[in-house]
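Peer 1: Okay, here's the structure, questions in a sec.
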Amino acid sequence: MKHFSHILFLFTLTLGVFSCSDDDATNGPVIPTDELVARNLQLADRGNLDNPSDIEISFEAPSQTSGVARFSVFFAQMSDTASVTEQVVSNLSAEQQTLVNNTESEYSVRLRANQTDALGKTFDSTQTYALYVASIGTYEEAPFTVATRSASAFQLSKELLVETLIPDFGANDGLYVTSDGTIIASDFGTFDNDLQIGLGTKVLSVTPAGEVSEKVTGFVAPMGGGTDSQGNFYFTHENGGDYVDGKVVRVTSDGSTTEIATLPGWPSGIAVDANDNLYVANFFAPLMHKITPEGTVAVLAQDDRLFGCVGIDTDDAGNIVTANFYNGAIYQVSAISGEVSLIAQIPDLVENFAIGYMTLFEGDIYATGVGNNKIFKVTMDGQISTFAGTGANSSSDGLLAEATFSGPNGIAADTARRRLYISQFGERALRFIQF
């Protein structure tokens, strides 16, 4: 048995051509089976939900697409495959299959959560299954069904996976996920040692399906990001390499931009609380600023430990959690008093290249070890563990303990869809982990 969750299988076994009548089978035309079989079929596990909606099937349409009207995607327990006959396939109910009209050359299809198998049995995550794709249509006036079956058994994995949503992604810095699942990504760009600044200029918008568009452009090394209750997005930019000051920018829903504050040092990450107050971390000053919805700017906290903080978020109590890029310390800052307290110190990180960003998800802190190529999980009481990544500098997908990252930097949670997104400062890519 193999877990298909991290292995892609090629569908190569043709089960045969099922015709609608004996006359068709005996006297009808010879159906070109090989030309009508769905090709390059692959499987992926997309969620660890223990139901068929986890299963995504990708395949290419047959070469003679005019003869194929639709595709039927269904499955059966491995012990039942001998029972999947022409009669069974011809009489599959709506609950037993996912039908796809033949309108494209390539398909990526998910099964339905409540889909039963070809014999009407409820999906059982403890069983191994074969998955079928049938081409259904008419060839020279003879109806046909050409079914293919997976060459290997599959079973849903119980383990979480690292996957790549977009290779060669156009942004490498802070991430934020809106309520509709849109990922907003700032592009700090490649760091120029002579200018002492990133060369990025854009903030991108990405749909959950991976469609990328430009949100704003024309800025200097944009970083961080967060939205308020009105849908305005905020980020920082334009330190200019002088470490003197930088700007906080507001982007409205119609795309217009306004610089709402100039802050000393190198303002970096941004978090927005439930009352639309902005909290701004600082890469090159021992400060954390607060900006109210009315535009009042104040220093919330001044503490040497805050020098070098970038990643920032707010917890359920309204306090701020921030992580230090230089030394890997994670702090809690009181939103009322500005008092700073240590939550955890992640050990053995690369000095001055320790934590890129961090986010809170379901009560825990997830931080990117940008120099160590790992993702860390930290509980609010300070328990530290390596969550994902071997430490090797590359971008291979797979189980958490086997996957690799290349300078993981931005990280943000889609709480509704239970997904973490990670950007990379090394080999550019937008990665994700589906819970």
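Peer 1: Given a Förster distance of 30 angstrom, what is the FRET efficiency for Glu141 paired with Ser53, based on the Cβ-Cβ distance and rounded to 0.05? Spell out each step's value before the answer.
Peer 2: Details: r = 37 Å, r/R0 = 1.25.
For R0 = 30 Å, the calculated efficiency reads 0.20.
Peer 1: Does the range 216-287 come out rounded, prolate or oblate by the C-alpha gyration tensor, with a ≥ b ≥ c the root eigenvalues, rounded set by a/c under 1.5 and, if not, prolate when a/b is larger than b/c and oblate if not?
Peer 2: Details: a/c = 2.52, a/b = 1.35, b/c = 1.87.
Since a/c reaches 1.5 but b/c is at least a/b, the shape of the range 216-287 is classed as oblate.
Peer 1: Sticking with this structure for a sec: Starting from the Cα of Ser229, move 7 Å in the Cα-to-Cβ direction to define the label point; list residues of the range 266-297 whose amide nitrogen is under 12 Å from there.
Peer 2: 273-277, 293
Peer 1: Now, a different point. With +1 on each Lys and Arg Cβ and -1 on each Asp and Glu Cβ, how big is the dipole of the chain about its Cα centre, in debye rounded to the nearest 20?
Peer 2: Working: 22 positive and 53 negative charges, 81 e Å.
Charge dipole of the chain: 400 debye, to the nearest 20.
Peer 1: What length, rounded to one decimal in nm, is gained on full extension from Asp242 through to Glu104, with 0.36 nm per residue of separation minus their alpha-carbon distance? Write out the running numbers ahead of the final one.
Peer 2: On the way: separation 138, 0.36 × 138 = 49.68 nm, distance 5.28 nm.
44.4 nm is the gain from fully extending Asp242 to Glu104.
Peer 1: Gap in Å between the Cα centre of the range 358-435 and the Cα centre of the range 296-350?
Peer 2: 19
Peer 1: Using a cut-off of under 18 Å, list every residue of the range 302-346 whose amide N is near the label point 7 Å from the Cα of Asn275 along the Cα-to-beta-carbon line.
Peer 2: From the range 302-346, the list is 313-321, 333-339.
Peer 1: Separate question: Checking the cross-link filter: which aspartates and glutamates have an alpha carbon closer than 19 Å to that of Lys202, excluding same-chain neighbours under 8 positions apart?
Peer 2: List returned: Asp168, Asp173, Asp187, Asp192, Glu211, Glu214, Glu238, Asp254, Glu259, Glu427.
Peer 1: Rounded to the nearest 0.05, what FRET efficiency do Ser90 and Ala392 give with R0 = 60 Å and r taken as the Cβ-Cβ distance? Could you check?
Peer 2: On the way: r = 50 Å, r/R0 = 0.84.
FRET efficiency, Ser90 to Ala392: 0.75.
Peer 1: Counting other beta carbons within 10 Å of each Cβ, put Arg417, Arg431, Arg149 in order, fewest first. If you can, show how the numbers build up before the last one.
Peer 2: On the way: Arg417 13, Arg431 25, Arg149 19.
Lowest count first: Arg417, Arg149, Arg431.
Peer 1: Between beta-carbons, use under 14 Å as the cut-off and find the net charge around Thr296, counting Lys and Arg +1, Asp and Glu -1.
Peer 2: Details: positive: Lys290; negative: Asp276, Glu294.
Combined, the nearby Lys, Arg, Asp and Glu give -1.
Peer 1: Let me ask something else about it. Could you tell me which residue out of Ala298, Ala285, Thr227 lies farthest along the dipole of the range 195-330 toward its positive end? Charges go on the beta carbon: Lys and Arg +1, Asp and Glu -1, centred on the Cα centre.
Peer 2: The one lying farthest along the dipole's positive direction is Ala285.
Peer 1: Set the Förster distance to 60 Å, then compute FRET efficiency between Thr379 and Ser63 from the Cβ-Cβ distance, nearest 0.05.
Peer 2: Values: r = 55 Å, r/R0 = 0.91.
So, using R0 = 60 Å, E works out to roughly 0.65.
Peer 1: By counting other Cβ atoms within 10 Å of each Cβ, how are Met78, Met288 ranked from fewest to most? Show your work: numbers first, answer last.
Peer 2: On the way: Met78 17, Met288 25.
So the ranking, lowest neighbour count to highest, is Met78, Met288.
Peer 1: Rounded, prolate or oblate: which fits the range 96-165 when a ≥ b ≥ c are the square roots of the eigenvalues of the alpha-carbon gyration tensor, with rounded for a/c under 1.5 and prolate only if a/b beats b/c? Present the calculation step by step, with values, prior to reporting the outcome.
Peer 2: On the way: a/c = 2.31, a/b = 1.58, b/c = 1.46.
Prolate.
Peer 1: When all alpha-carbon pairs of the chain are counted, what percent fall beyond 40 Å? Spell out each step's value before the answer.
Peer 2: Details: 29838 of 94395 pairs.
Percent of Cα pairs beyond 40 Å in the chain: 32.
Peer 1: With unit charges on the beta carbons (Lys and Arg positive, Asp and Glu negative) and the dipole taken about the Cα centre of the range 334-409, which residue among Ile384, Phe361, Ser396 sits farthest to the positive side?
Peer 2: Of the listed residues, the answer is Ser396.
Peer 1: Also, I was wondering about something else. What is the order of Glu351, Glu60, fewest Cβ neighbours within 10 Å to most?
Peer 2: Details: Glu351 9, Glu60 14.
By the 10 Å Cβ count, ascending, the order reads Glu351, Glu60.
Peer 1: Looking at the calculated P(r) for the range 358-413, what percent of the C-alpha pair distances fall above 13 Å?
Peer 2: 55
Peer 1: Using the Cα gyration tensor of the range 46-147, with a ≥ b ≥ c the square roots of its eigenvalues, what is the shape: rounded (a/c below 1.5), prolate (a/b larger than b/c) or oblate (neither)? Don't jump to the answer; show the numbers that get you there.
Peer 2: Details: a/c = 2.39, a/b = 1.45, b/c = 1.65.
Oblate.
Every number in this text was worked out from the coordinates using simple rules, so none of it is lab data. Quantities reported herein were computed from a predicted structural model and do not represent experimental measurements. FYI the Cβ positions are ideal-geometry reconstructions off the backbone, even for glycines, and counts take in every protein chain you see.
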